[in-house]
1. Take the stretch 398-421 and flag every residue that is loosely packed, with under 11 Cβ neighbours inside 10 Å and over 22 Å from residue 482 (Cα atoms).
2. Take the stretch 431-452 and flag every residue that is touching a strand residue (DSSP E or B) at 6+ places or on another chain (Cβ under 8 Å) and surrounded by fewer than 17 Cβ atoms within 10 Å (Cβ to Cβ).
3. List pairs: first in the stretch 517-545 and closer than 24 Å to residue 215 by Cβ, second modelled with pLDDT under 95 and in a loop (DSSP other than H, G, I, E, B), Cβ under 7 Å, 6+ apart or cross-chain?
4. Taking residue 458, is it surrounded by fewer than 18 Cβ atoms within 10 Å (Cβ to Cβ), outside the structural domain of residue 32 (by TED's automatic domain parsing), touching a helix residue (DSSP H, G or I) at 6+ places or on another chain (Cβ under 6 Å) and in a helix (DSSP H, G or I)?
5. Scan the stretch 380-397 residue by residue and report those that are out of contact with any strand residue (DSSP E or B) (no Cβ under 7 Å at 6 or more places or on another chain) and either crowded, with 20+ Cβ neighbours inside 10 Å or in a helix (DSSP H, G or I) (or both).
6. Kindly indicate the residue of the stretch 209-227 that is within 23 Å of residue 141 (Cα to Cα) and without any contact (Cβ under 8 Å) to a residue 12 or more places away in the chain and also surrounded by the most Cβ atoms within 10 Å (Cβ to Cβ) among those meeting that condition.
7. Which numbered condition in (1) modelled with pLDDT of 95 or more; (2) over 18 Å from the mean Cα position of the chain (by Cα) is the only one that residue 314 fails?
8. Mind checking whether some residue in the stretch 439-449 is assigned to a strand (DSSP E or B) and either in the same structural domain as residue 156 (by TED's automatic domain parsing) or in contact with a helix residue (DSSP H, G or I) (Cβ under 9 Å, 6 or more places away or on another chain) (or both)?
């Protein structure tokens, strides 16, 4: 079963949303609070240890009603059933989209081509558990009999971003192993990592579905050559593991069969951290915490599958994003986590969101006449307050933002955490309320500023406010809560793709540059240069001169 193909702009609800936008677009959010004392509670969703307050948005009851009707118009419920049911919703690649199966319960039955895939998933999880327990305990040793101290993940894209983000996010829970990530084909990058390592005590995990990805294989080959300066070809079997499907190439490389973990074509790279791609996560924090990460994601999956749309966190957040993207013309969204642990979170979501929904063709093969994927960016607060918040507060662009915070810190430093969270709450309030000219005047008069100076300075200190935000408040950062948070954004991606009538799970746009790079590498390495545009030809000649 495939997804319904509905151009959202042809629905009556879309036309009503356009009219509603014109009628309400200038309404101040703070006035909505004055008119409705119950607004905060009404526009807050509570699930597990998550509180999601979306009341500081340019929406009314009618906005939400229309957006929820739009979800019905595009048959979102049916699409969700197809998503979880193993239907071939990645139609351009002829694949199901079942990363959710990687965190399913063992008792679940998820059928694909007539086979229940859950036992296969759990067999791989048991392999991950055995392998990681042996490495962490020191039972598994390097070629000189020493226990491992370092692990290097070699991958790119989803084979790097997800594991790197989670390992950083859950650093509080990590064990004695030191994790390193090599992704960029930049030779300086890999050399900087290698100079910190002892070959006798380092385990390398090569993550590449085909075992042919240029960046990953170049880095793996360079690392192998470095290793062979110390150990032998036979020693590779003890120091290298692979997450791949290409058994022939893996064997040629010298990796032992018992250190090979499979990947499935029904798991897209940017959603693969839940699979054996997350091997480095399990090595860093232990299998028990890795499993808790999966369980948190599964709980969010169940919420997304079963909750009514008006109480469904991914659905509501996705529809609000569509509201800003398609009616207000907001091109970007900021994601601001108020914890340093989530410093890689926005970068991780950039791939998930922009690779998924950065599409210009609809599911009927027609070019869309409306905006699709949003541009995602962000950094941790409070650092970001001293950087780009100026643009959000007083710039000319509307930038909806998600603020993510935690009630309790991990180390229990109440003084620091209270200051952090004071900023967290104050920023969303300031973005909404702004500061009027009268308020600025009163402040400056209280400082006895002369009138002529006051009039000159006053306009620069006015904040128009009415800047929309969502607040996601979670009890504490844990493997389980992180799993749920990541899954929340995964499902938000799905809902947006359904509304926009696009295929969210292919990435043909990634392929073109790869193809051209191969031909261009030949031009760089050989004396003759093939046909290029004048600019590229000039640059190649300059590089080779």
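1. Across the stretch 398-421, the qualifying residue is only 415.
2. Selection gives 435 alone.
3. Sorted first by the residue in the stretch 517-545, then by its partner, the pairs are 519/530; 523/529; 523/530; 540/529; 540/532.
4. Numbers: surrounded by fewer than 18 Cβ atoms within 10 Å (Cβ to Cβ): yes; outside the structural domain of residue 32 (by TED's automatic domain parsing): yes; touching a helix residue (DSSP H, G or I) at 6+ places or on another chain (Cβ under 6 Å): yes; in a helix (DSSP H, G or I): yes.
Against the criterion (surrounded by fewer than 18 Cβ atoms within 10 Å (Cβ to Cβ), outside the structural domain of residue 32 (by TED's automatic domain parsing), touching a helix residue (DSSP H, G or I) at 6+ places or on another chain (Cβ under 6 Å) and in a helix (DSSP H, G or I)), residue 458 qualifies.
5. We begin by selecting, within the stretch 380-397, every residue out of contact with any strand residue (DSSP E or B) (no Cβ under 7 Å at 6 or more places or on another chain); these are 382-383, 385-391, 395-397.
Scanning the stretch 380-397 gives 383, 385, 386, 389, 390, 391.
6. So the residue we want is 221.
7. (2)
8. Start the filter on the stretch 439-449 by keeping residues that are assigned to a strand (DSSP E or B), which leaves none.
No, that holds for no residue.
The values are calculated or read from the model by the stated rules, or taken from the named source; none is laboratory data. None of these values were measured; they are calculated from a predicted model. So basically every Cβ, Gly included, is an ideal-geometry build from the backbone, and we count neighbours across all protein chains shown.
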